[in-house]
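Read the figures in this text as sums done on the coordinates, not as results from a lab. Only a predicted model underlies this, so the values are computations on that prediction, with no experimental measurement involved. Positions of Cβ are generated from backbone atoms using ideal geometry, with glycine treated the same way; all protein chains shown enter the neighbour counts.
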Amino acid sequence: MHPITVYAHRGFSAVAPENTMVAFRKAAEAGAHGLELDVHFTRDDQIVVIHDETVKRTTDGKGKVRELTLEEIRRLDAGSWFDGEFRGEKIPLLSEVLELVADRGLSVNIELKNNKTAYPGLEEAVLEWIGRFGLVDRTVISSFNHYSLRKIRDLRPEVDAAILYMANLFEPWNYARNVGATSIHSYWPTTVEDMVKRSKEAGVPVRPFTVNQTKEMRRMIHLEVDAIITDKVDRLLKEIRDAKECHSTSCGIGTPGEAG
């Protein structure tokens, strides 16, 4: 059976507050092969791990990440919104997560959140950090800002750069090549058999996001995508184990799209 890498979306965000160290540790403990995370610059050009352009949704503070200093951001509670047991969790620095990645032997998918807010120098700063931790060959850098991915290619062509997209792109494997990207992170509804097959033929890995429904996990496993990005790490790992067992005994994995 084709091996499938499991990326924990913002950490194990089904059971812990997204993009926090506890979510990343829980993902590693659950058996995820890699971590997916989002990065922004602070006002003082520190790289922090948070999804939104503002801190309002996932902390007890308010304001744009770009307008707050690291010291101001580190005072915020990034755990209580999810559950009281996570009170006091902080927005981490990219370097803190990369240290965990390096220590646990994981892969990492770093999404550059520069499609809405311009962050001059973010590409160079992220590349510097993955180099410091010796993670160049275990890192995928993705973005909805495809100009940024072209810059990554020009700066460090050996780094895997992945186009993120929501729409049904025409021949995304060719589009990725035109951008200078090396892989595809497609929205799961657009991830269909012909697209996966043609991308594989072109040597372009496909890693759909964010796959949380059991029936869609099974469909992606059936399509033999290269990786799956999910909030529900434990569920996806179980589905992959079940599929491997069925494959070894010729029982199949059930009808693709079967509800579960």
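Shape analysis of the range 5-248 based on the Cα gyration tensor places the equivalent ellipsoid semi-axes at 28, 22, 15 Å, largest first. In straight-distance terms, cross-link reach from LYS232 covers every one of the lysines whose alpha-carbon lies under 25 Å from its own, apart from those fewer than eight places away in the same chain; here that gives LYS26, LYS56, LYS90, LYS113, LYS215, LYS244. Shape analysis of the range 83-132 based on the Cα gyration tensor places the equivalent ellipsoid semi-axes at 23, 18, 9 Å, largest first. Residues GLU171, GLU216, arranged from fewest to most other Cβ atoms within 10 angstrom of their Cβ, appear as GLU171, GLU216.
For the range 54-103, what Kirkwood radius comes out of the mean inverse Cα-Cα distance, in Å? Intermediate results must be reported in sequence, preceding the final value.
Working: mean 1/r = 0.0865 Å⁻¹.
Result for the range 54-103, one decimal place: 11.6 Å.
Order these by the 10 Å Cβ neighbour count, fewest first: GLU123, GLU72.
Values: GLU123 24, GLU72 15.
Sorted ascending by nearby Cβ count, the order is GLU72, GLU123.
Distance from the Cα centroid of the range 196-227 to that of the range 62-126 is 28 Å (rounded to whole angstrom).
Taking the inverse of the mean 1/r over every pair of distinct Cα atoms in the range 139-250 gives a Kirkwood hydrodynamic radius of 14.5 Å.
Taking every alpha-carbon pair under 8 Å whose residues sit at least 6 apart, the chain reaches a relative contact order of 18 percent.
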